[in-house]
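Below is one structure, written out as structure tokens; comments come after it.
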Amino acid sequence: MTTPAVAVPRIEIKAVAQTRTGGGRRLRTRNQVLLQLACLAIGSTVLFPIVWIVGMSLDPRNIARPDTLIPPGANLDAYARVLARPTLNPVSFFQLALNSLTVAVIISVLSVGLGVLAAYSFSRMKFRGREFMMLLVLAVLMLPAVATIGPLYISMNRIAIGDFRLGGSLLGVALAVTSTQLPFAIWNMKGYLDTIPKELEEAAVVDGAGKFQAFLHIVLPLATPVLAVTALFGFIAGWTEFLLAQVFIVGDPSQWTLAVALNALVGQYAGSTPWSTFAAFAILFALPVMVVYLLLQRWIVSGLTVGGVKG
């Protein structure tokens, strides 16, 4: 008896690496080339100012417009001048950096500490006027920073203890910036806390834990990503703050922050500005924030996505 032949199915092998759109459709070569050219154009636009300012910092000719990618006689003298004495005042770069660090740390700690308490109240507690207060916080978030300078300056200068005046101190700057950062911190953390199941806290309460213990040992550990994101954004806001620091701190260069000192390098005319020193100062000023942001970029994106979208 003859065994019938079994038809072997034909297997078609497709290329593993294919360029597809979000819907699974493969891009045509022409569209792919256009997309890559657009990405290159955007990347060049972003990188051009960075290349420009790096060239300025290495150029010993002290010109505002570098004419070559690597200037002739390129050296690091501008960086040495900035680290030794960035401005005409007898204040070192490290003293200015310490002032900026102090402001940034205070803002970061207060934004997280006060913000998480308010966010937890809005997320878990039901009380009269809750929705109205949330709208007020949102309204403050929409205000431009320049609109709050006058009230903050007047209020801070009325607080004085002996010779200490809060409006003319780094602490006053930190408190003023914290007031502008709290609305963002509250809304971002409130959205994240809404995603944490309430049943976890209820189970802890059943086991004998109090409300505060459940918040401290259950909610806070689960909210670590959004706490880190909020702390980082508060740190960045304090490190780069210029407007309030310029208004509050006048006449005492020892309390200047890096942003205020960088602005002091700008002369009345373009020719009177030490562009090499200015560019080196700007790079050293931005470098810590850039490094921290690149290292924590994944957590920043995930924390903002969960806190802002799911809330």
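The values are calculated or read from the model by the stated rules, or taken from the named source; none is laboratory data. Just so it is clear, the model here is predicted, and its values are computed rather than measured. In this analysis, Cβ positions are derived from the backbone assuming ideal geometry, glycine residues included, and neighbour counts consider all displayed protein chains. In case anyone asks, the SASA skips ligands and DNA or RNA and just uses the protein heavy atoms, side chains included. Shrake-Rupley method; radii C 1.70, N 1.55, O 1.52, S 1.80 Å.
At a glance:
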read-out	value
Qualifying residues in region 161-179 (those that are in a helix (DSSP H, G or I) and of a type outside the set (Gly, Ala, Ser)) - the one surrounded by the fewest Cβ atoms within 10 Å (Cβ to Cβ)	171
Contacts under 8 angstrom Cβ, first residue in region 239-254 being free of Cβ contacts under 8 Å to residues at least 40 places away in the same chain, partner assigned to a loop (DSSP other than H, G, I, E, B), 6 or more apart	242/257
Pairs, first on the phi > 0 side of the Ramachandran plot and at pLDDT below 85 in region 85-97, second crowded, with 18+ Cβ neighbours inside 10 Å and assigned to a helix (DSSP H, G or I), C-beta under 6 Å, six or more apart	none
Residues that are open to solvent by less than 80 Å² (accessible area, probe 1.4 Å) and assigned to a helix (DSSP H, G or I), drawn from region 57-83	57, 58, 78, 79, 80, 82, 83
Counted residues, region 31-56 - those being modelled with pLDDT of 90 or more, open to solvent by less than 80 Å² (accessible area, probe 1.4 Å) and among the polar types (S, T, N, Q)	0
Region 250-282: number of residues that are open to solvent by 70 Å² or more (accessible area, probe 1.4 Å) and either outside any helix (DSSP H, G or I) or on the phi > 0 side of the Ramachandran plot (or both)	5
Residue 224 being hydroxyl-bearing (Ser, Thr, Tyr) and loosely packed, with under 13 Cβ neighbours inside 10 Å	yes
Filtered residues of region 146-160 (kept if among the small types (Gly, Ala, Ser) and either over 13 Å from residue 248 (Cβ atoms) or open to solvent by less than 60 Å² (accessible area, probe 1.4 Å) (or both))	147, 150, 160
